[in-house]
Every structure is written in structure tokens, then in C-alpha cells.
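Every number in this text was worked out from the coordinates using simple rules, so none of it is lab data. Everything quoted here is computed from the prediction, not taken from an experiment. Cβ atoms come from the backbone with ideal geometry, glycine included; neighbour counts cover every protein chain shown.
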Amino acid sequence: MLDFFKKIFTIKKIRRKINLKNKKVVVMGIGLHGGGVSMIKWLVQQGARVVATDKKTKETLASSIKKLEKLIKNKKVKLIVGRHRLDDFRSASMVVKNPAVPWTNTYIKRAKKNHIKVEMDSSLFFKLCPSKKIIGITGTKGKTTTSYLIEAILKRAGKKVVMVGTSQTGVMDRLKLIGKKTYVIFELSSWRLSALRRHKISPRYAVVTNIYPDHLNYYKTMKGYIQDKLAIVKYQKKNNLAVLNYDNKEVREFADQTKAAISYYSMKDKYSIIQDVYLEDDKIKYRLDSVDGVICSVDKLKILGRHNIYNVMAAVALALRLKIPIKTIKKAIINFKGVPHRLELVREDKLFKAYNDSAATTPESAVAGIDAFLNRAVGTNIFLIAGGSSKNLDMTSLAEKIAKTDEVKKVVLLKGEATEELLSLLKKMGREKKVVTVVDKMKEAVEKSMEEIERYNQVNEEVSENLGVITENVLLLSPGCASFGLFDNEFDRGRQFRRTVNSK
């Protein structure tokens with residue numbers, strides 16, 4: 001009985017209204033992508049006295065500061081740039097940390113030593129969200145596509161849905177759109193999950209797509225990365241649900257770390273009785289409550305790539321457990337056209353098709369991008385734009401894919417530390433001739449790639465016609481690397497690619 005009342009008290013405590021009126025709140029990391037500005041504005045609306053601090057200079061932060069001008073002028077926000085002040089972290093009622101700031105940061109440690117609460121947008125959101133129907137989605141890749149697939153299914157079923165964390169819009173701004181019956185789809189990065197781990201919070205519904213090496217420039221080890229990812233299921237209750245990719249060993253083992261009911265999906269193990277959703281004869285099938293059936297064949301899907309079949313199966317597995325009708329699920333997934341920056345078709349003409357896969361920021365995701373165009377009825381000549389900055393990831397898998405895939409005709413590399421590693425590996429494999437050049441601007445990368453397409457066409461068009469071979473040229477941006485250095489982020493990189501391709 002004592003445990004029962006303790007549990008009820010904990011839930012109420014988590015979901016209680018947080019009173020910030022006249023409280024000093026330090027926002028550590030204003031940033032350039034909108035999240036910091038959004039958080040600052042939300043805190044001011046709650047009546048907090050905000051200190052916004054960032055080590056970047058005023059000139060670097062100019063675009064963000066401009067959005068806060070009125071609040072700074074009216075003394076609602078105190079701006080500290082070019083440095084942090086230790087006193088602010090000793091005297092605050094709360095510190096809100098930017099995702100890029102590690103928990104081992106000196107100032108964060110000082111705040112915690114002084115028993116000051118350290119939050120992130122994710123932990124604040126979970127504590128204040130009026131709906132218990134939060135669907136948390138994580139994984140190294142596939143989070144965003146899976147999130148939008150789930151949204152498409154729920155909306156077709158007539159449910160009210162609010163998306164959080166899937167774009168560069170502020171997280172806290174979404175709270176005002178949510179009622180008690182709203183389904184909240186929250187895309188959770190490992191950084192956002194790190195805050196939930198420290199506050200021992202998990203969503204009611206958790207979906208985990210996969211776990212691969214990523215962000216090792218931040219985490220240093222895979223163990224730390226997985227530890228944060230695990231928070232999505234670790235604090236779930238018995239009446240909660242975890243949807244897990246059975247084919248990914250790291251994800252499959254999450255089942256041992258949660259009290260929630262488990263729903264698996266698998267492309268490889270069609271015979272196991274524990275799967276809810278599986279692939280057989282290129283059909284997405286389900287096995288639930290002793291009932292077997294077919295959702296649809298994969299050739300009905302509009303999105304490319306075997307990796308996207310996994311994303312579809314994850315969404316289907318969740319929808320089945322939410323008791324969404326099969327017909328509704330099928331209609332939603334076969335009409336789903338994909339998400340920007342993820343194998344997004346941005347141009348199509350007689351010479352080539354151009355695909356923006358800028359969200360492929362790991363070697364494994366770039367390999368999946370290339371694989372999406374292989375083994376098709378139509379032969380494909382791939383002209384790849386890849387490379388960029390390093391996240392301390394091993395580039396061997398991408399180098400091997402480029403070297404061993406005949407369909408990859410030429411590669412233009414974007415300048416960066418990871419590019420140097422990739423180029424070195426290709427030289428060792430004797431395939432450096434596939435690399436056209438290394439550039440530091442998207443305009444030049446696209447121009448060089450299009451020149452290669454035209455050159456290839458002139459040489460091979462007549463040969464293909466004589467042999468009766470049907471092929472298509474694909475200009476593919478699938479970097480396999482981070483974007484910092486040359487671009488603001490992967491979305492900026494993708495937008496520049498889309499804009500440049502369509503200006504030619």
C-alpha cells in the first residue's frame with residue numbers, strides 16, 4: 001500500500017506545475033538554430049528572470065540576439081556573451097542546458113553541487129505535458145521518418161497529434177497545443193534522453209529504431225551513448241509499451257531493461273513467435289493475439305530503401321498496439337511520400353534524378369542511401385556527393401561501399417576531417433580514381449557532379465542503346481558525415497544542395 005501511494009505521489013510530482021515566477025533561470029547556450037531563443041522566450045512568459053549566457057561572441061550570435069532584442073531592452077533577459085560567469089551558476093533557481101553542453105561541464109557541475117536543478121527542454125516538457133500519451137522515438141537513424149509515419153497513421157485514424165523535436169522549432173512552444181487526449185510524438189536524441197535519464201523519466205510509448213556508433217566526438221565511448229539511449233525504456237511502467245527492432249542486437253537487449261510490454265519487429269526472423277511485425281516474401285506481415293495477416297507488399301511503398309522498410313514496420317507495430325484498424329494503417333503507409341533531407345527527390349529530368357539525403361550523417365546511413373538504388377529493375381549510375389566533418393566514426397564501411405559498388409561511378413567529396421580519412425581508405429583500396437575532387441562549397445560539388453554525369457552520358461549512351469540496357473543517372477547527396485565547418489547543420493547542407501541543383 002505504501003508503494004502504491006509513493007507511486008501516485010511521484011507521478012503527480014513529475015506532472016505538477018513548475019512555478020518560475022520571479023525565479024532566476026540561467027539558459028546556458030543561446031545557440032544559432034532557434035532552440036535557445038525559443039526556450040528563453042518561454043521562460044520569460046512564465047515570469048522568470050532569465051540570464052542568457054553563451055561563450056560565442058556577440059557577432060557570431062547576432063541572428064539569435066536580434067530575436068531577443070525587445071526582451072533584452074525591457075530587461076526581461078540579461079545577456080552574457082563571450083563567457084560564462086560562475087556566480088550565475090551558484091545563485092540560480094534553475095539552469096537550462098543546451099544539448100551540446102556536456103553534463104561534465106564545470107559550470108553544470110557547480111550548479112549541481114549547489115543543489116540547483118539542471119534541466120533541458122525535454123525534461124521540462126515531460127514534467128509539464130498535460131497528455132500522458134507521449135510516444136518517444138529514438139535510434140541512431142530513422143527517428144524522423146518513423147515519427148512522421150506514426151503521425152500519418154494517427155491522423156488518418158482521426159486522432160489529435162502534436163509533433164515535438166522533429167524540426168528546428170522550439171519544444172516548449174508545443175505545450176500550448178496539447179490537451180489530455182492528444183498523442184504527442186517526441187523525437188528524442190541521445191542528448192535529450194540524457195536529461196530524462198537524470199530525472200528518471202521515460203515516455204508511455206517508446207520506439208527504438210536502431211543503435212550504431214554515433215556522436216563519439218561527444219560521448220567518447222559507445223557505452224555512454226547507449227546508456228543515454230536506454231533512458232527511453234528504463235523508467236517505463238508495466239502498462240507502458242516498448243517497440244523494439246529485433247534485428248539490432250543493442251536494441252533487442254533493451255527488453256531486459258524495461259518493465260514495459262514489448263513489441264518487436266523484424267526483417268530477418270520471420271519464424272519467431274515474439275514478433276508483432278515481420279517481413280516475408282517482400283510483404284509486411286503481422287502476428288498479434290494469435291492472428292496473422294498482411295499489411296501490404298513493399299512495392300506499394302513510395303519511400304526508397306530497405307532501411308525505410310524498418311521504419312515502416314516500427315510505425316506499424318506501434319499502431320497495431322494502439323488498436324488502429326489495419327485498413328487505416330495500410331492507407332497511411334502506402335501514401336507516405338517521405339521526409340525532407342532523407343532520400344528526398346529534389347529534381348527529375350531526362351539527364352538525371354537528384355536526391356537529397358543530407359540527414360545521412362553516419363557512414364551506415366550513407367551506405368543505406370546508396371543501397372536504396374541497387375538491385376532495382378532499372379540500372380543506376382550513382383554520382384555521389386559525400387564527406388564532411390568528423391564525429392570520430394570509422395569510415396571503413398562507406399569507403400568499402402564506394403570502392404566495391406560498380407554503380408557508384410564518381411564521387412565528389414566535401415572538405416573535412418572525415419573526408420581525409422575516407423580519401424585515405426579509398427587510396428588503400430586502390431579506388432581513389434573514383435574521387436573527382438574535394439571541394440568546400442556545395443555549388444562546386446553540384447557543378448562537378450553534373451559535369452561527370454554529362455561526360456558519362458556522352459561516352460556510354462550509345463553503348464547502352466546497342467545493348468538494350470535501361471539505366472538512369474542519380475545525383476545523390478548522402479554525406480555519411482557531420483556538416484559543421486562548411487554548413488550551419490545538415491538541414492542547411494540539404495537546402496543548399498536542393499537550391500543549387502534546381503538553379504542549373
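Sorted ascending by nearby beta carbons within 10 Å, beginning with the fewest, Ser449, Ser131, Ser389 become Ser131, Ser389, Ser449. Cross-linked pairs Lys78/Lys234; Lys270/Lys323; Lys76/Lys133: Cα-Cα separations exceed 32 Å for Lys78/Lys234; Lys76/Lys133. Remark on Gly379: its backbone amide H falls under 5 Å from those of Ile470, Glu472, a criterion applied only to residues 5 or more positions apart or on other chains, H modelled at 1.01 Å from N. The distance linking segment 42-59 with segment 435-461 is 45 Å (Cα centroid to Cα centroid, whole angstrom). Charged side chains reduced to their Cβ positions (Lys and Arg at +1, Asp and Glu at -1) give the chain a dipole of some 4180 debye around its Cα centre.
Per-residue Cβ neighbour counts within 10 Å put Thr419, Thr380, Thr396, Thr145 in the sequence Thr396, Thr380, Thr419, Thr145, beginning with the fewest. Each Lys and Arg Cβ is given +1 and each Asp and Glu Cβ -1; about its Cα centre, segment 20-119 then shows a dipole of about 300 debye.
Using every pair of distinct Cα positions in the chain, the Kirkwood expression returns a hydrodynamic radius of 24.4 angstrom. Charge dipole of segment 158-236 (Cα centre as origin; +1 on each Lys and Arg Cβ, -1 on each Asp and Glu Cβ, all else neutral): 420 debye, rounded to the nearest 20. Taking the fewest neighbouring Cβ atoms within 10 Å as the starting point, the ordered list for Trp103, Trp191 is Trp103, Trp191. Subtracting the Cα-Cα distance of Ala261 and Thr221 from their residue separation scaled by 0.36 nm leaves 11.5 nm. With contacts taken as Cα pairs under 8 Å at a separation of at least 6 residues, segment 344-501 carries a relative contact order of 40 percent. Considering every pair of different Cα atoms, what Kirkwood radius, in Å, is found for segment 344-501? 15.4 Å is the Kirkwood radius here. What the phi angles of segment 78-95 give under the Karplus curve with 6.51, -1.76 and 1.60, with θ = phi - 60°, is a coupling list of 9, 9, 10, 10, x, 5, 10, 10, 4, 4, 4, 8, 8, 10, 6, 7, 7, 10 Hz, glycine and proline written as x.
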